[in-house]
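The values are calculated or read from the model by the stated rules, or taken from the named source; none is laboratory data. It should be emphasised that the depicted structure is a prediction, and the values quoted were computed from it without experimental measurement. Cβ placement follows ideal geometry from the backbone for every residue including glycine, while neighbour counts extend to all protein chains displayed. Surface accessibility is based on the protein's heavy atoms, side chains included, excluding ligands, DNA and RNA. Shrake-Rupley method; radii C 1.70, N 1.55, O 1.52, S 1.80 Å.
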Amino acid sequence: MQTTQKEDTQKESTQKEKTKLIVGALHALRTQKPLVVNITNYVVMNNTANALLAIGASPIMAHSRQEMAEMMSFSGALVINIGTLDSQWVPRMIYAIEQANVHEKVVVLDPVGCGASTLRTETSRQIAALAKHLIIRANASEIIALAGEKAQSKGVDSLDSSEMAVDAARYLTETYHCNVVISGEVDYIITADSEITLHNGHAMMPSITGMGCSLSALTGAFAAIGEDSGLAAAAVLGVAGEIAAEQSAGPGSLQMNLLDVLYQLDATTINKRLKITVK
Ligand SMILES: Nc1ncnc2c1ncn2[C@@H]1O[C@H](COP(=O)(O)OP(=O)(O)O)[C@@H](O)[C@H]1O
Ligand SMILES: Cc1ncsc1CCOP(=O)(O)O
Ligand SMILES: [Mg+2]
């Protein structure tokens, strides 16, 4: 579809505004150091806590029902990651979300492996329906499966491109009144009234377990300071991931370099590197 010069100028100005918003959000995050409560999987607890610390947030991994009401009263946001769920974890997740709702806190859902089993798909839907202020962050296959369509996943990994999940993500925003981030080679940030794509990141990023989980945790950190579309987290991880990958011989050093780059990331680098398109 052809766009007029006026529309192009408008888009360019919105892109500049969004970039400014991302840079401002990073500054606010580092100033406020929000507490992010994570109910997450055994595989990534360490990676995601370190990613949160590196960007300037305060992580706590908590699983007990007994402390969840208290935690939600003072936490900035709740991240629910179903990566290693079982019958004992699900009721705790549900209770944590109820408490997040009581305290009007944003819940970030990472439906790891949604579509790979009935348990994962049904639990993801139950959580999405329950959370009052919700952001869903997932790879394309998980988004497609969550929306009830046929996805091509392999366990926790996506075999679909993020573009293929856009209709499913639009359906999820309407069904669950939420914002959706589809991650992949291109990240899509989909809200009720906007669609943004980010063309940052690096093909080495999916070679580390927990990269998507870190994105979900960072989404929680930005939501805690009021940026609740998922855009700032995706932008920051995309830019940091590509810089870190350029300095890395493989996934081992990427994991280490990523923390250093997240820690050092500044406004100048974001302004120089960010590849953002407003639809
Ligand atoms: N092929 C790729 N090229 C560039 N960046 C990528 C690529 N695949 C994933 N990423 C980035 O890696 C991060 C995690 O996304 P993804 O791998 O989709 O999550 P998950 O680990 O949940 O499957 C995101 O920041 C995303 O932009
Ligand atoms: C491999 C694996 N298995 C259960 S959870 C998990 C981690 C998935 O992390 P990510 O989706 O961020 O790659
Ligand atoms: Mg994932």
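A few points about this structure:
- Relative packing of 162-170, 186-194, 36-44, 84-92, which averages over residues the other C-beta atoms within 10 Å, highest first: 36-44, 162-170, 186-194, 84-92
- Peptides ranked, highest mean first, by Cβ atoms within 10 Å: ranges 142-153, 13-24: 142-153, 13-24
- The local environment of Thr219, defined by Cβ-Cβ distances under 10 Å, has a net charge of -2 under the rule Lys, Arg +1 and Asp, Glu -1.
- Descending by average beta-carbon neighbour count within 10 Å, the peptides 240-249, 224-233 line up as 224-233, 240-249, the highest first.
- Percent carbon-and-sulfur accessible area, the chain, ignoring ligands, DNA and RNA, probe 1.4 Å: 51 percent
- Bridge orientation summary for the chain: considering DSSP beta bridges with both residues in this region, about 30 percent are antiparallel.
- For the range 40-119: rounded, prolate or oblate by the Cα gyration tensor [a/c cutoff 1.5]: oblate
- Whichever lysines have a C-alpha closer than 24 Å to that of Lys279, once near sequence neighbours (fewer than 8 apart) are set aside: Lys6, Lys11, Lys16, Lys18, Lys20
- Helix-only [θ]222 nm of the chain, DSSP H runs n ≥ 4, -39500 (n - 2.57) each, per residue, nearest 500: -16500 deg cm²/dmol
- Accessible area expressed per residue, the range 12-278, with surrounding protein chains retained (probe 1.4 Å, Å²): 41 Å²
- Largest first and in whole Å, the equivalent-ellipsoid semi-axes of the chain read 26, 21, 19, each the square root of five times a Cα gyration tensor eigenvalue.
- Given their separation in residues at 0.36 nm each and the Cα-Cα distance between them, Glu98 and Ala129 gain 10.0 nm when the chain is fully extended.
- Straight-line cross-link reach from Lys33 at under 15 Å between alpha-carbon atoms covers these aspartates and glutamates, not counting any fewer than eight positions away in the same chain: Glu227.
- Vicinal HN-Hα couplings computed from phi for the range 253-270 (Karplus, 6.51 cos²θ - 1.76 cosθ + 1.60; Hz; Gly/Pro x): 6, 4, 4, 6, 5, 4, 5, 5, 5, 4, 5, 8, 3, 10, 4, 4, 5, 4
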